[in-house]
Amino acid sequence: EALVLRVLQEEATRDRAVIQTHQRTSKDATAAFRSIVRDLTTRWSGESGVLFSTLGTLAIHNNEYKKLYRSIYADFYNALEEPLRRLNPSLSDSELLLRVRLITALIDGAPMQPLHDKNKVASKKVFLKRIQEHAESIART
């Protein structure tokens, strides 16, 4: 159990590093935000997503996992607030948190959506682009 908790913590640390790296290296707020959404959605489509969906299930039944689940999401929300604040500096703190959660729900759930198109590679790219656009719309409006 301790090993599983540690693996989950490390995976969450990598997600926060994605956000911080794009914040430091992107030319502007829009480029940083788009890169963050793209990279997190891609990461969560693989093993990272499997780990966190497993954590969510384990959190229902075990208080130690529930504590970690809440801590990881709280840290993630805090990390995502800065890129959103840069895109839309006029947001109140409560509105900022609401939008962070909406964007997280959007990119968190995206990998769970089955794509039944004949050309899955192209449709995944189109789907990812639309997720980026809608996440940015949530951040800006």
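The values are calculated or read from the model by the stated rules, or taken from the named source; none is laboratory data. Here the structure is a predicted model, which means the values were calculated and not measured. Ideal geometry is used to build each Cβ from the backbone, glycine not excepted, and the neighbour counts take in all protein chains shown.
Within the range 27-53, being at pLDDT below 90 and either surrounded by fewer than 15 Cβ atoms within 10 Å (Cβ to Cβ) or part of a loop (DSSP other than H, G, I, E, B) (or both) holds for LYS27, SER45, GLY46, GLU47, VAL50, SER53.
Without any contact (Cβ under 8 Å) to a residue 40 or more places away in the chain and under 20 Å from ILE131 (Cα atoms): which single residue out of ALA17, ALA31, ALA2, ALA74 fits that description?
One residue alone meets the criteria, ALA31.
Just one of the numbered conditions (1) of a type outside the set (Gly, Ala, Ser); (2) out of contact with any helix residue (DSSP H, G or I) (no Cβ under 6 Å at 6 or more places or on another chain); (3) surrounded by 13 or more Cβ atoms within 10 Å (Cβ to Cβ) is not true of LEU80: (2).
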